[in-house]
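Everything on this sheet refers to the single structure shown next.
The values are calculated or read from the model by the stated rules, or taken from the named source; none is laboratory data. Predicted, not measured: the structure shown is a model, and the values here were computed from it. Glycine also receives a Cβ, built like all others from the backbone with ideal geometry; neighbour counts cover every protein chain displayed.
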Amino acid sequence: MSEIIPHKLIVFEGIDGSGKTTVSKMLFNYMKEKNLPVAWLREPSDSNWGKKIREISRFKTSIPLEEELNYFIEDRKFNVSHNIKPALSQNKTVILDRYYYSTACYQGARGMNMDEIIQMNREFAPEPDITFIIDVDVNIGMNRIKESRNSRVKLFEQKIFLEKVRKNYLTLTGKNIHIIDGNQDLKTILKRIIEILGL
């Protein structure tokens, strides 16, 4: 099998509980087994900005939208310069769990302009070669959250809010955006993604 993969930046998106993190790691392991050069990254990253974002989602109910957006932008700038671009320059395929579509869809659900957020990110962030939106029914997603995390539902995981986020994801269009039925078995989802990638 050739090691030339046409999709170098592969992004996984979806609401909390969609299964995107698990599937993205399954793809990472699949590619490693094929001896393909690959890196798995996530957002928020492990930067100080990313840590702030996690603290906010864990302990606070709300902060000013502009302040929260700034945290995401600064964290992404760090991730792009310290992780994403270096991995791409090493000819690795980067599998990314969340990217700027997440920021647009989640902040958009709180009233901000999605198009403006996407454009703001495109000024410094590499364009994904392909994006998989793992679409799942919100009730299923919330049940998965409760089962896997054994914790109360947080700010980003309230039903009405997630319904808005899901609707925002489904408005995204483009030849490199693929909406995948996340209500299926994870192995079935992975198989479909592998087919689309031609692996």
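Just to be sure, is D16 closer than 26 Å to M114 by Cβ, at pLDDT 95 or above and either surrounded by 13 or more Cβ atoms within 10 Å (Cβ to Cβ) or touching a Gly at 6+ places or on another chain (Cβ under 6 Å) (or both)?
no
Could you please give the count of residues in region 94-128 that are in contact with a Phe, Trp or Tyr (Cβ under 9 Å, 6 or more places away or on another chain) and farther than 27 Å from L162 by Cβ?
Of the residues in region 94-128, 0 are in contact with a Phe, Trp or Tyr (Cβ under 9 Å, 6 or more places away or on another chain) and farther than 27 Å from L162 by Cβ.
Does S57 satisfy the condition of being in contact with a helix residue (DSSP H, G or I) (Cβ under 8 Å, 6 or more places away or on another chain) and at pLDDT below 95?
For S57, the condition - in contact with a helix residue (DSSP H, G or I) (Cβ under 8 Å, 6 or more places away or on another chain) and at pLDDT below 95 - is met.
Which one is modelled with the lowest pLDDT, of the residues in region 160-175 that are in a helix (DSSP H, G or I) and not aromatic (F, W, Y)?
I160
Considering every residue within region 130-143, establish whether at least one is touching a helix residue (DSSP H, G or I) at 6+ places or on another chain (Cβ under 6 Å), assigned to a helix (DSSP H, G or I), touching a residue at least 60 places away in the same chain (Cβ under 8 Å) and of a type in the set (G, A, S).
no
With the requirement that a residue be of a type in the set (S, T, Y) and farther than 16 Å from R54 by Cβ, what does region 67-123 give you?
Once the filter is applied, which keeps residues that are of a type in the set (S, T, Y) and farther than 16 Å from R54 by Cβ, region 67-123 yields S81, S89, T93, Y99, Y100, Y101.
Do we find that I189 is touching a helix residue (DSSP H, G or I) at 6+ places or on another chain (Cβ under 6 Å) and over 24 Å from I56 (Cβ atoms) in this structure?
Yes, satisfied.
Test each condition in (1) within 28 Å of I160 (Cα to Cα); (2) in contact (Cβ under 8 Å) with a residue 12 or more places away in the chain; (3) among the charged types (D, E, K, R) for K146 and report the one that comes out false.
Unmet condition: (2).
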